[in-house]
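**Q** I have a structure here, written as structure tokens, and I will follow up with some questions on it.
The values are calculated or read from the model by the stated rules, or taken from the named source; none is laboratory data. Because the structure is a prediction, the values reported are computed rather than measured. No Cβ is skipped: glycine too gets one built from the backbone with ideal geometry, and neighbour counts run over all protein chains shown. Note: areas computed on protein heavy atoms with side chains; ligands, DNA, RNA excluded. Shrake-Rupley method; radii C 1.70, N 1.55, O 1.52, S 1.80 Å.
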Amino acid sequence: MSGQGQLGGFLQTRRSQLRPQDVGLKDFGDRRRVPGLRREELALLAGVSASYYTRLEQGQQVGASPEVLDAIARALRLDEAERLHLHDLAATAKRRVSARKPPTEHTTSATRDVLDALGDAPVLVSGRRSDVLAWNRMGHVLFAAHVDPAAPHHPADRPNLARLVFLDAHTRELYADWPAKARAVVGNLRVVAGRHPDDALLASLIGELTMKSPEFAAMWADHRVQPCAVADYEMRHPLVGTLTVTQQSMRLPGDEQLLIVTTAAPGSPSQAALALLAQTTSAAEAERIRQAARNLRP
């Protein structure tokens, strides 16, 4: 998962997905050995030499200026998230990095106070590699009621959202449009991998999912970028049935931690379903989660 390898893979995949007519070039029906634009055509659109672009795509050229990267982004028709991802990849490609095991992630007491304050709204905190670092009782019963509610508080046992989505049958059934959720998970992992090519645990997670899930492998090879923000999902919960929710991800102070809050439209049947789900969770379970959180190191 080297920075140069990720940069080259991203550029090559994006180039292969563009047709001459997409960018205003005439297609005379000539037979192409590879799908999409040729390197020379992309270089022409970006205003750089073909040899320079080839070296960049092959990982032999580092130090591209922000202006050149923006020109390439325009030529590839990248959106803003993809443009920023390209800059991240180019920045990490400059550095000599070696895989290392990062320190264990923890939530702060202030973050845990937020989870308590949000009451019956399903909330969880996701770490850099999509590990569940904390959740409130509603976050637990909505997303993974079959998992030990105290698991996030023990680093070795933490649920991982990417593993749940791709490898857990309960989670797959939870989303009516599972492919949309799966693409969002992969797209976010792509963003994080671009920023942290030296993260050994992230590389191990990606390798595991690639080996165990053909669907993940195909989506990962597509190099799609999709930062977590706001998304609507139809969920099929085993206790309260079908409900439509909005999942909002907000970045917390620290290294790539996200606060994920789930809501339903006011007055809607989905909001009523969430209220019903809240009633099914016991006060004892809620207290168990809170006590486990309080025992964490700050």
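**Q** Here is a check on your reading of the model: is Arg190 crowded, with 22+ Cβ neighbours inside 10 Å, of a type in the set (Lys, Arg), in contact (Cβ under 8 Å) with a residue 12 or more places away in the chain and touching a helix residue (DSSP H, G or I) at 6+ places or on another chain (Cβ under 6 Å)? Before you say what the answer is, go through the steps one by one.
**A** Working: crowded, with 22+ Cβ neighbours inside 10 Å: yes; of a type in the set (Lys, Arg): yes; in contact (Cβ under 8 Å) with a residue 12 or more places away in the chain: yes; touching a helix residue (DSSP H, G or I) at 6+ places or on another chain (Cβ under 6 Å): no.
Judged against the criteria, Arg190 is not a match.
**Q** When only residues in the stretch 35-47 that are of a type in the set (A, V, I, L, M, F, W, C) and surrounded by 18 or more Cβ atoms within 10 Å (Cβ to Cβ) count, which is nearest to Gln17 (Cα to Cα)? Outline the logic, then answer.
**A** Residues of the stretch 35-47 of a type in the set (A, V, I, L, M, F, W, C): 37, 42-46.
Remaining after also requiring surrounded by 18 or more Cβ atoms within 10 Å (Cβ to Cβ): 37, 42-43, 45-46.
On the way: Leu37: 8, Leu42: 12, Ala43: 15, Leu45: 15, Ala46: 16 Å.
Looking at the filtered set, the residue picked out is Leu37.
**Q** Also: Restricting to the stretch 207-222, give me the number of residues that are crowded, with 22+ Cβ neighbours inside 10 Å and either aromatic (Phe, Trp, Tyr) or touching a residue at least 60 places away in the same chain (Cβ under 8 Å) (or both).
**A** The qualifying residues number 1.
**Q** Now for a different question. Please work out if Asp148 is open to solvent by 60 Å² or more (accessible area, probe 1.4 Å) and either touching a Cys at 6+ places or on another chain (Cβ under 9 Å) or not aromatic (Phe, Trp, Tyr) (or both).
**A** Details: open to solvent by 60 Å² or more (accessible area, probe 1.4 Å): yes; either touching a Cys at 6+ places or on another chain (Cβ under 9 Å) or not aromatic (Phe, Trp, Tyr) (or both): yes.
So Asp148 fits the description; yes.
**Q** All but one of (1) open to solvent by less than 40 Å² (accessible area, probe 1.4 Å); (2) assigned to a helix (DSSP H, G or I); (3) of a type in the set (Ser, Thr, Tyr) hold for Tyr233; which doesn't?
**A** So Tyr233 meets the others, but not (2).
**Q** Follow-up. So the check is Cβ under 8 Å with 6+ separation or different chains; which pairs have a first residue in the stretch 16-28 that's acidic (Asp, Glu) and a second one that's modelled with pLDDT of 70 or more?
**A** Here the result reads Asp22/Arg77; Asp27/Arg19; Asp27/Pro20; Asp27/Gln21, each pair linking the stretch 16-28 to a residue that is modelled with pLDDT of 70 or more.
**Q** For the stretch 48-61, how many residues are open to solvent by 70 Å² or more (accessible area, probe 1.4 Å) and part of a loop (DSSP other than H, G, I, E, B)?
**A** 2
**Q** In the stretch 153-177, what residues are touching a helix residue (DSSP H, G or I) at 6+ places or on another chain (Cβ under 8 Å), surrounded by 15 or more Cβ atoms within 10 Å (Cβ to Cβ) and of a type outside the set (Lys, Arg)?
**A** Residues satisfying the conditions are His153, Pro159, Asn160, Leu161, Ala162, Leu164, Val165, Phe166, Leu167, Thr171, Leu174, Tyr175.
**Q** Got a sec? Which of Gly207, Gly187 is under 11 Å from the mean Cα position of the chain (by Cα) and either at pLDDT below 90 or part of a helix (DSSP H, G or I) (or both)?
**A** Being under 11 Å from the mean Cα position of the chain (by Cα) and either at pLDDT below 90 or part of a helix (DSSP H, G or I) (or both) holds for just one of Gly207, Gly187, which is Gly187.
**Q** Could you pull out the residue among Val230, Val240, Val147 that is within 21 Å of Val125 (Cα to Cα) and in contact with a helix residue (DSSP H, G or I) (Cβ under 8 Å, 6 or more places away or on another chain)? If you could, list the steps in order and put the result at the bottom.
**A** Numbers: Val230 fails: in contact with a helix residue (DSSP H, G or I) (Cβ under 8 Å, 6 or more places away or on another chain); Val240 fails: within 21 Å of Val125 (Cα to Cα).
It is Val147.
**Q** Which of (1) farther than 20 Å from Glu234 by Cβ; (2) open to solvent by less than 30 Å² (accessible area, probe 1.4 Å); (3) among the hydrophobic types (A, V, I, L, M, F, W, C) does Ala180 not meet, given it meets every other one?
**A** Unmet for Ala180, out of (1) farther than 20 Å from Glu234 by Cβ; (2) open to solvent by less than 30 Å² (accessible area, probe 1.4 Å); (3) among the hydrophobic types (A, V, I, L, M, F, W, C): (1).
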